[in-house]
Every structure is written in structure tokens, then in C-alpha cells.
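Visitor: Mind looking over this structure? Questions follow.
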Amino acid sequence: MSYEPEPPYRREGQQPPYGQQQGRQQGPPPYAPQGRPQPPRPPQQGYDQPTQAQPRYEQPDYGQQRHEQPRYDQPHYDQPPYGHSQPPYGEEPRRKSKAKRWIIAGVTVLALGGIAAGVMAYFEIPPFTDKGESVSFGQTPGGDKAGAAKPAANSKMLMPTGPKTDFKNSQTLSDGTHVGVATVTGKKSGFTGKVWVWAPKEYNDPQFAKSGFPVMIALPGGPGFPNNYWMDPGMGLQTSISKWYGEGKSKPFIVVMPVLNPAPDDKGIYWDGSDIPGQPKMGTWLTEDVPDLVRENFRTIKSRDGWAFMGSSTGGFAGLKAVLKHPDKFKAVIASGPDIVPDSPLWKGYDKEKAENNPEVLAKQLIDKKGLDVYLAFQVGDNENNKHTLPDVQKFVSTYTKGPVHTTLRVIPGGQHNAKTYVPNMGEGPIQFISKVMEGPVE
């Protein structure tokens, strides 16, 4: 069975209620200042973007200036005396009025110009946007051959190996960092899909020029196709990581956001982010091809101590399963409102392969063989629309928290099955839990 929201969007091809979708206000978007012209909200592709603050193309309120009357500072006169077309006290008030009109006209022109620039940026009209431009992330792939400093032989960091991927700017955040995107064909899975990446501002800081950074692979819920909704800065994932790092709670993760599945969920067909026989190899894509792409383009950490997953719902399941299945490659996961067992109908007839992708089976095997330590940070709202989610996670934690399997569970009071619940609460425990056991930046 599935534990999506419950997935009308997973099972019926609809989109998930990320953020505050239910009861969303109709009419003008909430970012539009009332009574002022605003650009229409562009259509979204593949998922319903959450309500979020958009750039406001404000202009000063000139209403008081336009309606203000000249003042004639003589006793008993609020207005010019009858019969006078000009004030009776010389030309000075007239010159002030004329100057005022010029000021109003000038400021109005500037304001209108600002509105026009904002509109052009909103609709991505050059030169008012850098969207679509190549993003290098400060990289010189190829190590010392491309002029970069060669790390020491015992270095914990790995220089980007190349070949360099041409990432295009998808979003520019307020701190100047970028979310880049590229379409990639996995050499091991054969699957072609989009991958979004973001590096924190510290990545380009000269202080860390010789440092490898930890990587978090962030997976969405629902179909996770054709977009990964974590690439949207409105979700707050990237800015939150920067904030948490500044507060000493988090590592400065490079965030990698691949598509989760090969196509939309349609008529009950979904892939569990797994290698299901006869289907695209999405498990290989997530655990082999995507990490390879990151190593080709970024300064990373050689060991598993620099690699983690995070995900919600279906993405939480896929990340949980990836860490338990490949503890030699990944050390930790933050799983928010996850499924606990594989439940795609495409597993029918493949019981052996299904068990090999079952977190319960994988956790037991890891415990029995006293394998590598893994760190599983769960968070679940107590108001999830699938009432099985919390008890299923609680059962998993109580059953398998032993030996090499380390867990923590944050129950979110009033929490629902959406990003608005999960992102802020990551900073209240889960991000600290995994950051304490991970490395980076390291030389």
C-alpha cells in the first residue's frame, strides 16, 4: 500500500499540496500590491508551485504629492485671494510649485522604469535576468591539469574529475548563489533526466578554495517528474541550509536535486525510485549516476562521510532505502513523512527484487552482519493525511534502532504532509543529527 497524501497526486497523476495549496486564495496572487499593475503569474510545469513571496515592483506612493495644494504662508490665507491668478507674494511660491512638478515627474519616470525593469526580469527578458546563463559554480574540472591546486595525497577532498557539465542558471537567490540545471544521461542507468544543483556561498569563498564539501541529494514526493520541487527557492531549502550553517546547526551542503522517476505517476504506475525489472533503472540513477555527476563538477569528500540523502514522502522512502542498501556510499538521511516499504504494482512477480529494496529487510540485514553505521533522521507530522505514516515510522524506529542503525524521530505538532511542515522542522533536530556525524568542508 502507499502512504502518500495520500497520494491523490501519486496515484492519480495529480500534483502534491506542497506548502499551502489547500484553500489557496483565488484572484490576484498574494505578492501583487493592490491597485498597481503587476505581471501575470506565469504557468508552472509539472507541479503546482507553492504560494510564495515574489519580487514586488513597488513605487513610492505619490498620492499625497499629487493632491497637495501650494501653501501661502500669510495669515488668513489658505488659498490665493480671489481675483488673483498667481499668489500675491511674488514668484517664489510659483518656482517652488514648478520645481515640485519636475521632481514628481522625475521620480515617476524612475518608478515606471523600475516597474518596467521588474516586469522584464519577471518574464526573463535580457539584460534584466541571468536565467539561462551558464553557471560554473567556481569550478575548474580536471584537477591540476586545468590549473587548480593539486590536493595532498592524504587529502580527504576530491577535486572535480570532469568532464564539465554545462549547468544553466535556473534561479538566482538573494545571496547571489545559483540553482543550476542540466539534462544528463546516466552512464550506468541509461536514463536521461534533469538534475538541479545548488552550492552555498561558502563554496566560492577563497577560505574554502581547497576544501571538499558534503553533498545532500534531495528527493521530492509524488512523481518527482518532470521537476524536482526542491529546486524551487520558494520551498526554502537552500536558504534554510545557509541559515542553519550560520547558526552552527548544519554542514554547508551542496544540494543536488534530480528527478525521482522517469515519467508522471499515471493510472497507478510508479517506480519507487528503484530498479524494478523491466523498468528504467531509477535506483541506479539516484545512487550511481547522480553522485558521479557531482564528483565530475564539484569539490567533494572522498568517503561516505560526506554523502547524505533527504526526501519527503516517496523521496523519503527512496533516500531511506538508498542509505540502508548502500551504507558504503551514503551515511545519513533525513526522511520526512516517508513510506516504509516498497509498494509499486510493478514489483508484481519480482518478490526477490522487491525484498532487496525494502528498508525493513535492509535494516535487519545491516544489523545482523554488524555493518557500517548509518544515521536515519525521521520527521512526521501528527496531522498527516495518511494516518498510517506516523505509527509505521514509530514501529520501524522501535524495531530497528540497534547496532549500526541509529535513528531519531521528530513528531511535528500539527504537522501535515507538505514542505511547509518539513523544511522548518529540519532545523529543529534532524539537520543537527546528521551534521554531527558527517564531515566537511575538509581539505
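Visitor: Restricting to Cα pairs below 8 Å that are 6+ residues apart, what does the relative contact order work out to for the stretch 287-388? Please round to a whole percent.
Guide: Numbers: 140 pairs, mean separation 26.5, N = 102.
Worked out over the stretch 287-388, it gives 26 percent.
Visitor: Please work out, to two decimal places, the log10 of the ratio I(q)/I(0) at q = 0.08, 0.12, 0.18 Å⁻¹ from a Debye calculation in which every Cα of the stretch 292-440 carries one identical scatterer.
Guide: With no solvent term, the Cα-only Debye profile gives -0.22, -0.49, -1.07.
Visitor: Here are some pairs, 156/369; 188/352; 281/370; which of them have Cα atoms lying more than 24 Å apart in this structure?
Guide: From the list (156/369; 188/352; 281/370), the Cα-Cα distance tops 24 Å for 156/369; 281/370.
Visitor: So which lysines pass the test for residue 387, namely a Cα distance under 16 Å, with those fewer than 8 places away in the same chain ruled out?
Guide: 395
Visitor: Rank 271, 198 by accessible area, highest first, at a 1.4 Å probe radius?
Guide: Per-residue accessible area, sorted high to low, gives 271, 198.
Visitor: Further question on the same structure: Straight-line reach from residue 131: which lysines fall under 25 Å, measuring Cα to Cα and dropping same-chain residues less than 8 apart?
Guide: Partners found: 164, 168, 194, 201, 243.
Visitor: To continue, here is another question. If the label point is 7 Å along Cα→Cβ of residue 205, which residues in the stretch 222-241 have backbone nitrogen under 19 Å from it?
Guide: 238-241
The values are calculated or read from the model by the stated rules, or taken from the named source; none is laboratory data. These numbers come from a predicted model, not from an experiment. Backbone-built Cβ (ideal geometry, glycine too); neighbour counts: all protein chains shown. Just the protein is used for accessible areas: all its heavy atoms, side chains included, with ligands, DNA and RNA removed. Shrake-Rupley method; radii C 1.70, N 1.55, O 1.52, S 1.80 Å.
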